[in-house]
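Engineer: Sharing a structure here in structure tokens format.
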Amino acid sequence: MTDTLDYIGEQLKALTSIPSPTGFTRAVTDYVMKALEEMGFAPERSTKGNVLVCLGGEDEPLVLASHVDTLGAMVRSIKDNGRLRPTTLGGHQWSTADGENCTVHTRDGRVYTGVVLNTEPSSHVADEKVETLEKNMEILLDENVDTKDDVASLGIQTGDIIAMDPRTVITKSGYIKSRFLDDKLSASVLLGLARAVAAGEVKLARKVSLLFTVYEEVGHGGAFVPADTCEMISVDMGCVGDDLGCTERMVSICAKDSGGPYNYELVSALADTAKRLSLDYAIDVYPHYGSDVEATLRAGYDIRHGLIGPGVYASHNYERSHMDGVRNTYELLRAYVGE
């Protein structure tokens, strides 16, 4: 188990190091494809950009889905003073990014560093505090630019991608701190499961496929799955906060979110498995949450659906989890798919 957790931690660091705001995910799916191919699998990338791989097994086809797209921003316009006005990709909160380092990615492959700040960030200058609303935010490039033309000469234009610094850290005590644990932490867990299947450590009791989606943050990542799917589980972040039972060291099983209840029988089966294995888990309701598998249902698929994930605190912020939550999530998945 220690080896598997180490591998998952390594994959998390690798995945978070690859900028992948929604709509800019080719590099991260290239990485996932290569990792799966090196295990001996044959992943396929859809026209849309999702990565699907069958791990093997027969009957009762199950899809486990995680997403590798993240929150981020795009250049909305270039200001006369050479600063960039951003527009949000996904449910990004500018209050969590004020003062964050970032990178700007041009369409011809150039990358520039910068910092996200509000229009008057200096407490020694501002007469009044500037609210951290999108209209008040700008990107200051780490380049000597003072005009629109200066910025244009760098090849930066409207529609270029802005990615925030993930700042990924795993402490000796097991705490995981990073942007984009939603959902690169669970994507790493699924890579760990694939590795265990490839090594013969997990024997599949049914047909199991992994789906790595690229448009979850804007609501349609899981809109297409294999036609034979009868059950699908979104492996995403579990919520930690007021009124919830889950902690960062647990696996969370979601009973209901903003899209309504998850399949009652599937939620019960996951909870029974966790209980049988004496895993640290909680069944919770997420009031402001949506997942890939709900997009699958809206697309018309007749499936049972569920949602689990390691507990993550401060979602859509600089997030925190724990390797115990990873272990509990991995063990639940391993038992649910295994003989």
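Engineer: Leaving out ligands, DNA and RNA, and with a 1.4 Å probe, what % of the accessible surface on the chain is carbon or sulfur?
Structural biologist: Of all accessible area on the chain, carbon and sulfur atoms account for 47 percent.
Engineer: What FRET efficiency comes out for the pair Glu134/Leu277, r = Cβ-Cβ distance, R0 = 45 Å, nearest 0.05?
Structural biologist: My answer for the efficiency is 0.50.
Engineer: Could you size up the charge dipole of the range 1-136 around its Cα centre, putting +1 on the beta carbon of Lys and Arg and -1 on that of Asp and Glu, and report it in debye to the nearest 20?
Structural biologist: So the magnitude is around 780 debye.
Engineer: Also, I was wondering about something else. Would you mind calculating the gained length between Ser258 and Glu143 on full extension (0.36 nm times residue separation, minus the Cα-Cα distance), in nm to one decimal?
Structural biologist: Full extension of this stretch gives 37.1 nm more.
Engineer: Check which residues have an amide H placed less than 5 Å from Tyr262's amide H, if you skip close sequence neighbours.
Structural biologist: Close amide H contacts, sequence-distant or interchain: Lys256, Asp257.
Engineer: Ranked highest first by average number of other Cβ atoms within 10 Å, how do 264-272, 212-220, 36-44 line up?
Structural biologist: With the highest mean Cβ count within 10 Å placed first, the list reads 212-220, 264-272, 36-44.
Engineer: Once amide H atoms are placed 1.01 Å from N in the peptide plane, what residues at a sequence separation of 5 or more from Arg304, or on another chain, have their amide H within under 5 Å of its amide H?
Structural biologist: Correct list: Glu231, Met232.
Engineer: Sticking with the crude label model, points 7 Å out along Cα→Cβ, report the distance from Glu44 to Cys230 in nm, one decimal please.
Structural biologist: Rounded to a tenth, the inter-label distance reads 2.1 nm.
Engineer: Using a 1.4 angstrom probe, figure out how much accessible area the chain has per residue, in square angstrom, rounded to the nearest whole.
Structural biologist: Each residue of the chain exposes 43 Å² on average to a 1.4 Å probe.
Engineer: Going down the list Lys79/Lys184; Lys135/Lys177; Lys172/Lys256; Lys34/Lys148, which pairs span over 31 Å between their C-alpha atoms?
Structural biologist: As for pairs spanning more than 31 Å Cα to Cα, those are Lys79/Lys184; Lys172/Lys256; Lys34/Lys148.
Engineer: Here's another thing I want to ask about it. When only C-alpha pairs under 8 Å and at least 6 residues apart count, what is the relative contact order of the chain, in percent?
Structural biologist: Across the chain, relative contact order equals 23 percent.
Engineer: While we're looking at this one, here's another question. Stick to Cα atoms and the Kirkwood definition of Rh, then tell me Rg/Rh for the chain.
Structural biologist: My calculation puts Rg/Rh at 1.00.
Engineer: Hey, another quick one. Per the helix-only calculation at 222 nm, which mean residue ellipticity applies to the chain, given -39500 (n - 2.57) for every DSSP H run of n ≥ 4 and division by its residues, nearest 500 deg cm²/dmol?
Structural biologist: -8000 deg cm²/dmol
Engineer: Report, in debye and to the nearest 20, how large the dipole of the range 107-222 comes out about its Cα centre when Lys and Arg carry +1 and Asp and Glu carry -1 on their Cβ.
Structural biologist: 1260 debye
Engineer: Relative contact order (percent) for the range 133-227, with alpha-carbon contacts under 8 angstrom and 6 or more residues of separation?
Structural biologist: Contact order relative to length: 10 percent.
Engineer: Which ³J(HN,Hα) values, rounded to whole Hz and listed in residue order, are derived for the range 209-214 from phi using the Karplus coefficients 6.51, -1.76 and 1.60 in 6.51 cos²θ - 1.76 cosθ + 1.60 with θ = phi - 60°, glycine and proline given as x?
Structural biologist: 3J(HN,Hα) across the range 209-214, in whole Hz: 10, 10, 10, 9, 9, 10.
The values are calculated or read from the model by the stated rules, or taken from the named source; none is laboratory data. Note that the structure is a prediction, hence the values are computed from the model and not measured. Ideal geometry is used to build each Cβ from the backbone, glycine not excepted, and the neighbour counts take in all protein chains shown. Only protein heavy atoms, including side chains, enter the accessible area calculation; ligands, DNA and RNA are left aside. Shrake-Rupley method; radii C 1.70, N 1.55, O 1.52, S 1.80 Å.
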